[in-house]
Number of protein chains: 2
Amino acid sequence: MQMGTVFQASTAVWPSQITLVDVTPRDGLQDADTFVTTEQKLAFINALIESGVRHIEVTSFMHPKWIPQLADADTLASRLPRVPGVTYSALIPNMRGYERAHTAGIAEVVLVVSASESHNKANLNRSIDASLHQLTEVATRAKADGIQVRGAIATAFGCPFEGAVAPEAVIRIAQAYATMGVDQVSLADTIGVGNPRQIYTLFTQIRTELPANMPLAAHLHDRSGYALANVFAALQAGVTSFDAAVGGLGGCPYAPGAPGNLSLEALTAYVEAMGFNTEISLPKLASARQQLLNDLAHGEPVTSGHSMRQTETASHHS
Amino acid sequence: MQMGTVFQASTAVWPSQITLVDVTPRDGLQDADTFVTTEQKLAFINALIESGVRHIEVTSFMHPKWIPQLADADTLASRLPRVPGVTYSALIPNMRGYERAHTAGIAEVVLVVSASESHNKANLNRSIDASLHQLTEVATRAKADGIQVRGAIATAFGCPFEGAVAPEAVIRIAQAYATMGVDQVSLADTIGVGNPRQIYTLFTQIRTELPANMPLAAHLHDRSGYALANVFAALQAGVTSFDAAVGGLGGCPYAPGAPGNLSLEALTAYVEAMGFNTEISLPKLASARQQLLNDLAHGEPVTSGHSMRQTETASHHS
């Protein structure tokens, strides 16, 4: 046997703390086949908080007709329980969405643009440059309002329409976000095609190109069982915040075949095994999941959003 | 939202080449409920080679009564097809096993000892020190015969009987192997409880304690979907050789609840995605798996090995 090529090993690093963001109410539900009512969403969010979750992406402020599952964004946001230490964020496609979120009391917004033109067109119905122009105005306004801003980049590791995505396309958007003054840059593996070498390499490039100490986040979907490996790779590249959804729910209505989100339960157990203290109770999270799955199983069917998708473009996020 | 603690990222390294070792005929079958005949094993090994696999751990040279599934070790080894570029290895518990393997023409032997006393006792019916003493004699003999020697350490990341295993216990055995002059040190996650942080840390410690450029291998079982992440962590720690079994077959009859091996198919797709060229054909590997699963489904039931386990101790490997 050839005993293997010997090479110099890396020097691993470990952050002192990581942040887990539950995106179930937004990304976990935006493509659901049934409606979850506002009351049920509030009960679920309360159950998440009871489980120890402290960061929740609660909804998207899109035009209600595009994502009917999240058409209650304004009502939901205004009725969220105010709990010390709990932060709610919401996805924002444009200034109108920002204004609605701000009115509803959302203290953290997530901007989004895709790294691939065709997904940005399908998702947001405009070019990447047009998105960046609009988001710059939103970011400026948010900063003035004292609102935290995350800059998310969809399809950063692969596009359902274009396949491979050039790292330069991602870096360009990340730099635009930095120029806008965002508080964090998040790379999304919208269709779950990234592998840890790619995750590590791209996040490392991003770090090099961004101002020092820009916080980085990963939004991972899990197609082939690589998501947990991708978390480790991202940690090694300096990422300290991870999105996930209860039960691995979710997908992207504008990314054909997109798999579900990284499971929050799996992520929690995994990072706990690696010595991070999440303060999340897995039994309580299991109860929260069970109730939500029950709500989904008995909800009214969603029809309008799906039917429109065939002929129109829309604004939401992967 | 707290945007996360910023820290210095690691600098990843990538070996120019990695080695995948199929351990299906040994570890994938040693705990099977049915017998696979010698002819069927030879057909499977030929199918592996046809798929592009170049390193195959074919059997264990234990006393036949302990692992009846592998009781045909001598016959199988002597009938292996001689194919240029293909290396066969076999597990060796003691000098008698070594002599049988050498007689049968095996060119590479795998020594094994557990890092935990209770698993070593269950697996090999002796203390760790007694194992090391015997294996030193085997290694000396093998070196004189020009036989390659891998030194494997079972339960390196956790023991079914003792739970956590002290890194010092693993390091001590690794050092003993190095003193014996082995060509490679392999750490086995026998019961699939390792996480990538632990994998990275222990392999890095081992590297520090061993002579420079000692080749390292990982033998991973997959309990919680961590095995692929563990591969990435091991790569980062300088590991260049990985064991796996077709279909994730296997377990350990002396490690209660041990999950199957890391799947060779999953490992192959994963490392190919990361840019390594395995020269393994996944469709051909699927055919090989299908035939083996068919053989297993229709084989004669194994009874003696399982029944003996309740009352006696034995010699094999995880």
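The values are calculated or read from the model by the stated rules, or taken from the named source; none is laboratory data. Given the structure is predicted, the values throughout are model-derived calculations rather than measurements. Counting neighbours? That spans all protein chains shown, and the Cβs are built from the backbone with ideal geometry, glycine included.
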**Message:** Name the single residue that is farthest from the other protein chains (Cβ to nearest Cβ) among those in the range A:136-150 being surrounded by 18 or more Cβ atoms within 10 Å (Cβ to Cβ) and over 17 Å from the mean Cα position of the chain (by Cα).
**Reply:** A:138
**Request:** Tell me which of these residue A:238 doesn't satisfy, since it passes every other one: (1) within 14 Å of chain B (Cβ to nearest Cβ); (2) outside any loop (DSSP other than H, G, I, E, B).
**Result:** (2)
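Only one of B:282, B:262, B:267, B:293 is within 13 Å of another protein chain (Cβ to nearest Cβ), out of contact with any Lys or Arg (no Cβ under 8 Å at 6 or more places or on another chain), on the phi < 0 side of the Ramachandran plot and surrounded by fewer than 21 Cβ atoms within 10 Å (Cβ to Cβ); which?
When all the criteria are applied, what remains is B:282.
If I filter the range A:130-150 for residues that are touching a residue at least 40 places away in the same chain (Cβ under 8 Å) and assigned to a loop (DSSP other than H, G, I, E, B), do I get at least one hit? Write out each step before concluding.
First, pick out the residues of the range A:130-150 that are touching a residue at least 40 places away in the same chain (Cβ under 8 Å): A:132, A:134-142, A:145, A:147-150.
With the extra rule that they be assigned to a loop (DSSP other than H, G, I, E, B), the set shrinks to A:147.
Yes, that holds for at least one residue.
Filtering the range B:32-64 down to residues that are among the charged types (D, E, K, R) and over 14 Å from the mean Cα position of the chain (by Cα), which residue is nearest to the other protein chains (Cβ to nearest Cβ)? Talk me through it step by step, then tell me what you get.
First, pick out the residues of the range B:32-64 that are among the charged types (D, E, K, R): B:33, B:39, B:41, B:50, B:54, B:57.
Okay, now just the ones that are also over 14 Å from the mean Cα position of the chain (by Cα), so B:33, B:39, B:41, B:50, B:54.
Working: B:33: 26, B:39: 26, B:41: 20, B:50: 19, B:54: 9 Å.
Among those that are among the charged types (D, E, K, R) and over 14 Å from the mean Cα position of the chain (by Cα), it is B:54.
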**Fill in**
residue A:168 fails exactly one of (1) within 30 Å of residue A:141 (Cβ to Cβ); (2) touching a residue at least 60 places away in the same chain (Cβ under 8 Å); (3) away from chain B (no Cβ under 14 Å), namely (2)
**Asked** Does residue A:174 satisfy the criteria of being away from every other protein chain (no Cβ under 14 Å), buried (at least 24 other Cβ atoms within 10 Å of the Cβ) and either outside any strand (DSSP E or B) or more than 19 Å from the chain's Cα centre (by Cα) (or both)?
**Response** yes
**Prompt:** Any idea how many residues of the range B:193-211 are more than 12 Å from chain A (Cβ to nearest Cβ) and not in a helix (DSSP H, G or I)?
**Reply:** 0
**Prompt:** Looking only at residues in the range B:212-230 that are touching a Ser or Thr at 6+ places or on another chain (Cβ under 8 Å) and not small (Gly, Ala, Ser), which one is nearest to the other protein chains (Cβ to nearest Cβ)?
**Reply:** B:215
**Request:** With the checklist (1) away from chain A (no Cβ under 14 Å); (2) within 24 Å of residue B:202 (Cβ to Cβ); (3) without any contact (Cβ under 8 Å) to a residue 60 or more places away in the chain; (4) in a helix (DSSP H, G or I) in hand, flag the one item residue B:156 doesn't pass.
**Result:** (4)
**Message:** Just the residues that are free of Cβ contacts under 8 Å to residues at least 40 places away in the same chain and of a type in the set (Val, Ile, Thr), please, taken from the range B:222-246.
**Reply:** B:239
**Prompt:** Can you name every residue in the range A:55-68 that is over 11 Å from residue A:101 (Cβ atoms) and at pLDDT 95 or above?
**Reply:** A:55, A:56, A:57
**Request:** Could you check residue B:247 against (1) more than 12 Å from every other protein chain (Cβ to nearest Cβ); (2) on the phi > 0 side of the Ramachandran plot; (3) assigned to a loop (DSSP other than H, G, I, E, B) and say which number it fails?
**Result:** (3)
**Message:** Exactly one condition in (1) at positive phi; (2) in contact with a Gly (Cβ under 6 Å, 6 or more places away or on another chain) is false for residue B:111; which is it?
**Reply:** (1)
